[in-house]
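The values are calculated or read from the model by the stated rules, or taken from the named source; none is laboratory data. Keep in mind the model is a prediction, meaning the values are calculated, not measured. Cβ placement follows ideal geometry from the backbone for every residue including glycine, while neighbour counts extend to all protein chains displayed. The accessibility values were calculated without ligands, DNA or RNA, using every heavy atom of the protein model including side chains. Shrake-Rupley method; radii C 1.70, N 1.55, O 1.52, S 1.80 Å.
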Amino acid sequence: AVTGWFEDLREPAAIQEALNVLAGTEGLPTPTPIFDGVADQDWSAVWKKSWEVTRFTERLVVVPEWLEVPKLAEGEHAIILDPGMAFGTGTHETTRLCAELIEAEIARRPGLELFDVGTGTGILAVAGILLGARAAVGCDTDPAAVQVARETASRNGVEASFESFEGSADGTEKRWPLVVGNLLAPLIKKIAQDLADRTSEDGALIVSGLLTRQVG
């Protein structure tokens, strides 16, 4: 099931038409939406109630700032997070997949440096540092995300090893042994050369955010 929220639902027929077009394009059955009203409330508080401590990788858990850090096993780390206005809570599959690959790369090459393109909350860059990266740099075209990423690094005690700047992969000429881009397919395609140029000759490039039908 898919749930959509609209601040002011005035034209349900238009929504039905748009769904019909989308279903036809994707080869799906024609949906029959159900419309209902929801009382206005403090959505930020409601959302926080539903977010729990989540397993991120084998060695990492993500802990919302307003919850207590659970007892961790030896070698495990907690990422304390408050996403604010930025993308990246650690619950999306693309973020988790990137984190797992980052963990594997750092296990293979401890002490490497990481460049996180489209850093959002900075969760992947901070994860890399906690897992053993010597340093990480994150960039994002959203200035709010750049600030949130810095706060995430500070919240987790790794601010000395983290830098962030507003911009994209073409905003620096440095090359890294590990570059990560948890983005969307059109953007990955657009900046593919920039991502490759930022990756050192013997380095690794991790990209995610592609739908199955976009691969190939």
Just one of (1) surrounded by 24 or more Cβ atoms within 10 Å (Cβ to Cβ); (2) modelled with pLDDT under 95 trips up Gly118, so point out which.
(2)
Residues in segment 73-81: is at least one within 30 Å of Lys174 (Cα to Cα), of a type in the set (Gly, Ala, Ser) and within 24 Å of the chain's Cα centre (by Cα)?
yes
Pairs where the first residue, in segment 192-216, is open to solvent by 80 Å² or more (accessible area, probe 1.4 Å) and the second is in a strand (DSSP E or B), C-beta under 8 Å, 6+ apart:
Asp202/Pro177
Sort out which residues of segment 23-44 are modelled with pLDDT of 85 or more, open to solvent by less than 100 Å² (accessible area, probe 1.4 Å) and part of a helix (DSSP H, G or I), and write them in order of number.
Ala23, Gly24, Glu26
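Kindly check whether there is at least one residue in segment 74-89 that is in a loop (DSSP other than H, G, I, E, B), in contact with a helix residue (DSSP H, G or I) (Cβ under 6 Å, 6 or more places away or on another chain), modelled with pLDDT under 90 and open to solvent by less than 20 Å² (accessible area, probe 1.4 Å). First the steps, then the outcome.
Residues of segment 74-89 that are in a loop (DSSP other than H, G, I, E, B), as a first pass: 74-76, 82-89.
When the remaining residues are screened for being in contact with a helix residue (DSSP H, G or I) (Cβ under 6 Å, 6 or more places away or on another chain), the result is 84-86, 88.
Imposing the further condition that a residue be modelled with pLDDT under 90 reduces the set to 84-86, 88.
Now drop any that are not open to solvent by less than 20 Å² (accessible area, probe 1.4 Å), which leaves 86, 88.
Yes, segment 74-89 contains a residue that is in a loop (DSSP other than H, G, I, E, B), in contact with a helix residue (DSSP H, G or I) (Cβ under 6 Å, 6 or more places away or on another chain), modelled with pLDDT under 90 and open to solvent by less than 20 Å² (accessible area, probe 1.4 Å).
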Within segment 139-157, is there a residue that is touching a residue at least 60 places away in the same chain (Cβ under 8 Å), among the aliphatic types (A, V, I, L, M) and open to solvent by 10 Å² or more (accessible area, probe 1.4 Å)?
yes
So which residues in segment 158-191 are in contact (Cβ under 8 Å) with a residue 24 or more places away in the chain, assigned to a helix (DSSP H, G or I) and open to solvent by less than 30 Å² (accessible area, probe 1.4 Å)?
Ala169, Ala185
Filter segment 90-106 for residues that are touching a strand residue (DSSP E or B) at 6+ places or on another chain (Cβ under 7 Å) and open to solvent by less than 60 Å² (accessible area, probe 1.4 Å); which is modelled with the lowest pLDDT?
Gly90
